[in-house]
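The values are calculated or read from the model by the stated rules, or taken from the named source; none is laboratory data. Note that the structure is a prediction, hence the values are computed from the model and not measured. With ideal geometry, Cβ positions are generated from the backbone for all residues, glycine too; neighbour counts draw on all protein chains shown.
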Amino acid sequence: MTEALGKLFNERAQQPPKFDLLSMLAHSEATRNMPFREFMGTLSLLIVGGNDTTRNSMTGGLYALSQHPHEYQKLRDNPALVTSLVPEIIRYVAPVIHMRRTATEDTELGGQYIRAGDKVVMWYVSGNRDPDAIEDADNFIIDRPRPRQHLSFGFGIHRCVGNRLAELQLRILWEELLPRHPVIEVLAPPRRTYSNFIHGMRSMPVRIPMH
């Protein structure tokens, strides 16, 4: 796969710019001279960030609703709650488990001394369940007063560049699903992805009753 992507990248670089991701990376001043390993890392993050996270939020959101039938009924009674449902899914599911950063200078955080060069792990799952920051954080509540108060997209300069697109995809999904299939029954717990990075699902059987 790596070799094929490298070949495709070189081909795009020799062609006039097109409106696709590889072409943009190959022609952008910021990325066209990027070392190959750095380029592959960037591409992998874009693929994972734009694919695995959204699809696992879709599946995880349905599973969360099935585990909280009162919230599912609340959504059916008031479809306008999709607006707050989406960020609550992203918070509750937390599709990325953690991210590691390297400290660039000595600092102290929460009483912990961190030296330049130390590896620091941010646990999104933990931050999204922090009772000091989020009321009743362990429960799935689709009409929270501040539903976008979560860390699944990161924060500051490390905030996900695709956060609005992810929210849009999930919103459209539920706005289109609810009128067509107001009830989707989960038949068994999902088979989880074996990963310490992506909080994902390999499969989840469901039944859509015919009305």
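Annotation: of all residues in the stretch 174-211 being among the hydroxyl-bearing types (Ser, Thr, Tyr) and in contact with a strand residue (DSSP E or B) (Cβ under 9 Å, 6 or more places away or on another chain), the one that is surrounded by the most Cβ atoms within 10 Å (Cβ to Cβ) is Thr193.
Can you confirm whether the stretch 97-120 contains a residue that is under 30 Å from Ile47 (Cβ atoms), part of a helix (DSSP H, G or I) and in contact with a helix residue (DSSP H, G or I) (Cβ under 6 Å, 6 or more places away or on another chain)? No, that holds for no residue. Would you say Arg129 is closer than 30 Å to Ile208 by Cβ, basic (Lys, Arg), within 20 Å of the chain's Cα centre (by Cα) and part of a loop (DSSP other than H, G, I, E, B)? Answer is no for this residue. Every test in (1) at positive phi; (2) touching a strand residue (DSSP E or B) at 6+ places or on another chain (Cβ under 8 Å) is passed by Gly110 save one, and that test is (2). The single condition among (1) under 25 Å from Val121 (Cα atoms); (2) in a helix (DSSP H, G or I); (3) of a type in the set (S, T, N, Q); (4) over 25 Å from the mean Cα position of the chain (by Cα) that Ser57 does not satisfy is (4).
Determine whether the stretch 34-44 contains at least one residue that is over 24 Å from the mean Cα position of the chain (by Cα) and not in a helix (DSSP H, G or I). Yes, the conditions are met somewhere in the stretch 34-44.
Step by step: first the residues of the stretch 64-109, then only those that are surrounded by 11 or more Cβ atoms within 10 Å (Cβ to Cβ), farther than 20 Å from Asp138 by Cα and of a type in the set (D, E, K, R), then the one that is modelled with the lowest pLDDT. Which residue is that? Here the residue is Arg101.
Do you know which residues across the stretch 157-188 are assigned to a loop (DSSP other than H, G, I, E, B) and closer than 19 Å to Val93 by Cβ? Of everything in the stretch 157-188, those that are assigned to a loop (DSSP other than H, G, I, E, B) and closer than 19 Å to Val93 by Cβ turn out to be Arg159, Cys160, Gly162, Ile184, Ala188.
Taken over the stretch 121-148, residues that are under 29 Å from Ile47 (Cβ atoms) and either touching a residue at least 24 places away in the same chain (Cβ under 8 Å) or in contact with a His (Cβ under 8 Å, 6 or more places away or on another chain) (or both) amount to 10.
Only one of the listed residues (Glu3, Glu29) is out of contact with any Lys or Arg (no Cβ under 6 Å at 6 or more places or on another chain), assigned to a helix (DSSP H, G or I) and either in contact (Cβ under 8 Å) with a residue 60 or more places away in the chain or more than 19 Å from Tyr194 (Cα to Cα) (or both). That residue is Glu3.
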